[in-house]
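Asks: My structure is below; once you've seen it, I'll send some questions.
The values are calculated or read from the model by the stated rules, or taken from the named source; none is laboratory data. Predicted, not measured: the structure shown is a model, and the values here were computed from it. Reconstructed Cβ throughout: ideal geometry from the backbone, glycine too, with neighbour counts over all protein chains shown.
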Amino acid sequence: MSNLVVLYGPPETGKTSYLEQLVQYYHTLGLEVRGLVSPAILYENIKTGIRAKDISTGETRFLAAKRPVPLTDTNKLGYVFNEQTVAWGNEVLSSSVPTEVLIIDEIGPLELKLNKGWTNALNCIRERSYQLAIVVLRESLHDEVRNKWPVAEWLLFQRGMKFNRFDRYFHETRT
């Protein structure tokens, strides 16, 4: 049985840090964890960019830089993306299933509205070749996506969430 959890919340509240710690927790349980996390690049405590990190290997690549000038066109993104890293990330995602735990950080307008970015993430979710997938979704897309995805759980991220809150998804096969 595969389960999909969508973790959503405001930007820059610690979702990626939580996922990185969750990966470590699952490793201590002996679970196979694959996918991508996208940690922020900070300069003087200000987010200036994003990295992409392959959970399986630990390899990290530069993904995007914040645009230096705010956009007036709301149809454009606030980041400039490195296309080679996007292609690499999609390869990482393709090779991430099947697995016990799949992590995808994050799906946003790039994937859902422009058919760019982590496009292979959507295929991985549809394949359901995981026991548990945790996907970070841009909060602004929550209402739009909620009716389209058969999800086990929608979860508004809050600091201090327990790492064992998803353990119930493994009890069926581990006991």
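Asks: Only helices (runs of 4 or more DSSP H) wholly contained in segment 98-175 count here; list those with 1 or more residues that are in contact with a strand residue (DSSP E or B) (Cβ under 6 Å, 6 or more places away or on another chain), surrounded by fewer than 18 Cβ atoms within 10 Å (Cβ to Cβ) and in contact (Cβ under 8 Å) with a residue 40 or more places away in the chain.
Replies: Details: elements: 109-112, 119-127, 142-146, 168-174.
By residue number, 142-146.
Asks: Tally the residues that are within 30 Å of ASP167 (Cβ to Cβ), of a type in the set (Val, Ile, Thr) and at pLDDT 95 or above, restricting the search to segment 83-131.
Replies: Summing the residues that are within 30 Å of ASP167 (Cβ to Cβ), of a type in the set (Val, Ile, Thr) and at pLDDT 95 or above in segment 83-131 gives 6.
Asks: Sticking with this structure for a sec: Return only the number of the condition from (1) more than 15 Å from the chain's Cα centre (by Cα); (2) over 17 Å from TYR169 (Cα atoms) that ASP105 does not satisfy.
Replies: (1)
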